[in-house]
Amino acid sequence: MTKRRIVLITGVSSGFGRALAQEALSQGDIVVGTVRTEQAKRRFESLSESAAHGYLLDVTDFAAIDRVVADVEARIGSIDVLVNNAGYGHEGIMEESPLSDMRQQFEVNVFGPVAMMKAVLPFMRQRRCGRILNITSMGGYITMPGIAYYCGSKFALEGISETVGKEVKAFGIHVTAVAPGSFRTDWAGRSMARTPRSIADYDEIFDPIRQAREAKSGQQLGDPEKAARAMLAIMAEDDPPTHLLLGSDALGLVRDKLSALEEEMSRWESVTLSTDG
Ligand code: NAP
């Protein structure tokens, strides 16, 4: 009998994490999901009496991460796939936003996923197989005023993800950074941390962006269930991509960014080449 796949997903209370957990369960996977409240744990476990296992975990509690992963391996079985999904968006003009906001953003969106990878890799390396999906964002490629800390955290996770992928490939472990565009989750609603405005000079550039994001919350183009199916398809690939964009908005905006970058590199090429020797 073949072993049922065990998928560990952080942040299964809503959005992508919940959609992915539901889809994976319906495909026959065992899903270990992390949540932050007893109520969310009960709700998650009610999805399947036998195959949905909830763990209380804040991904900034690094000591707890090691305990949870060791417990899953001992009690439930070997983790085949880790999905680093838990994360949130900080919104605020950089000059207005305290460093403590940046620290928290990086604790959750960067240090948390890295700590999760560090915890599962010894087991995956020993077995010479495993999959890791890191949910980044199109904000890991493109930027706009008012989300400097968020984009910084997602650029960081893109870079770390790509690097780790190169480090572990020889052990049969594949790492994919999944960068969604705008999707209908709680990201821009209850989950977003918004720094209050304090410098009038930024009103013109930032107020319309903040208002538009609030107005669009819940009506974004992307469907999290379709994203979940796309992620499951990637998990089944023998040779999965290092980077995967999700959504037409992500594709268009990232392509524009890359061609603008190419144009800028060409324009300044002579200066770039002037420093050799
Ligand atoms: P969501 O519905 O707000 O879900 C976020 C999940 O992360 C929740 O389960 C939340 O748990 C959990 N979480 C937040 N902070 C945590 C912490 N410190 N420790 C443990 N869990 C924590 O939003 P989502 O869009 O599905 O977000 C999932 C990922 O997708 C995030 O990394 C986000 O940046 C990324 N993303 C979203 C979009 C989008 O448009 N939706 C686009 C690109 C990337 P609680 O319920 O306890 O808060």
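The values are calculated or read from the model by the stated rules, or taken from the named source; none is laboratory data. Quantities reported herein were computed from a predicted structural model and do not represent experimental measurements. Positions of Cβ are backbone-derived with ideal geometry, glycine not excepted, and every protein chain shown enters the neighbour counts. Just the protein is used for accessible areas: all its heavy atoms, side chains included, with ligands, DNA and RNA removed. Shrake-Rupley method; radii C 1.70, N 1.55, O 1.52, S 1.80 Å.
Look at the dipole of the range 1-130 built from charges on Cβ: of F111, S46, M124, the Cα furthest out on the positive end belongs to M124.
In this structure, the residue pairs whose Cα-Cα separation is over 30 Å, taken from K226/K257; K118/K257; K41/K169, are K118/K257; K41/K169.
Axis angle, to the nearest 10 degrees, between helix 112-127 and the longest C-alpha principal axis of the chain: 40 degrees.
Return one quarter of the surface area of the convex hull spanned by the alpha-carbon atoms of the range 83-126, equal to its mean projected area, in nm². Don't skip to the end; give the middle numbers.
Numbers: hull surface 13.5 nm².
The number I arrive at for the range 83-126 is 3.4 nm².
When only Cα pairs below 8 angstrom with a gap of at least 6 residues are kept, the chain shows a relative contact order of 19 percent. Per-peptide packing, taken as the mean over residues of other Cβ atoms within 10 Å, places 10-20, 128-138 in the sequence 10-20, 128-138 from highest down.
Computed with a 1.4 Å probe over protein heavy atoms only, the accessible area of R127 comes to about 80 Å². The range 6-273: D in µm²/s via Stokes-Einstein (Kirkwood Rh, Cα pairs, 25 °C, 0.890 mPa s)? Diffusion coefficient, whole number: 127 µm²/s. Close amide H contacts of H53 (hydrogens built in the peptide plane, cut-off under 5 Å, sequence separation of 5 or more or a different chain): V31, V32, G33. Global dimensions of the range 209-269 from alpha-carbon coordinates: Rg and Dmax equal 16.2, 44 Å. Note on surface exposure: R125, R36 rank R36, R125 by accessible area, highest first, 1.4 Å probe. The angle separating the long axis of helix 15-26 from the principal Cα axis of greatest extent in the chain is about 30 degrees.
What's the longest uninterrupted piece of the chain once you rule out the GluC sites (Glu not before Pro) that are loop residues per DSSP with at most 14 other Cβ within 10 Å?
Working: sites that count: E49, E237.
My reading of the result: 50-236 is the longest stretch.
Tell me the net charge near Q104. Cut-off is 14 Å between Cβ atoms, Q104 excluded, with +1 for each Lys or Arg and -1 for each Asp or Glu. Net local charge, Q104 excluded: -3. Here the chain is assigned +1 on the Cβ of each Lys and Arg and -1 on the Cβ of each Asp and Glu. Its dipole about the Cα centre then comes out at about 1160 debye.
Ranking T176, T163 by solvent-accessible area of protein heavy atoms (1.4 Å probe, all protein chains present), from largest to smallest, gives T163, T176. For K216, the aspartates and glutamates whose Cα falls under 16 Å of its own Cα, not counting residues fewer than eight places away in the same chain, are E91, D186, D207, D249. Dividing the helix sum by the residues of the chain, where each DSSP H run of 4 or more adds -39500 (n - 2.57), gives a mean residue ellipticity at 222 nm of -15000 deg cm²/dmol. All C-alpha pair distances within the range 75-158, sorted into 5 Å bins from zero, spread as 3, 15, 23, 19, 14, 10, 8, 5, 3, 0 percent across the bins.
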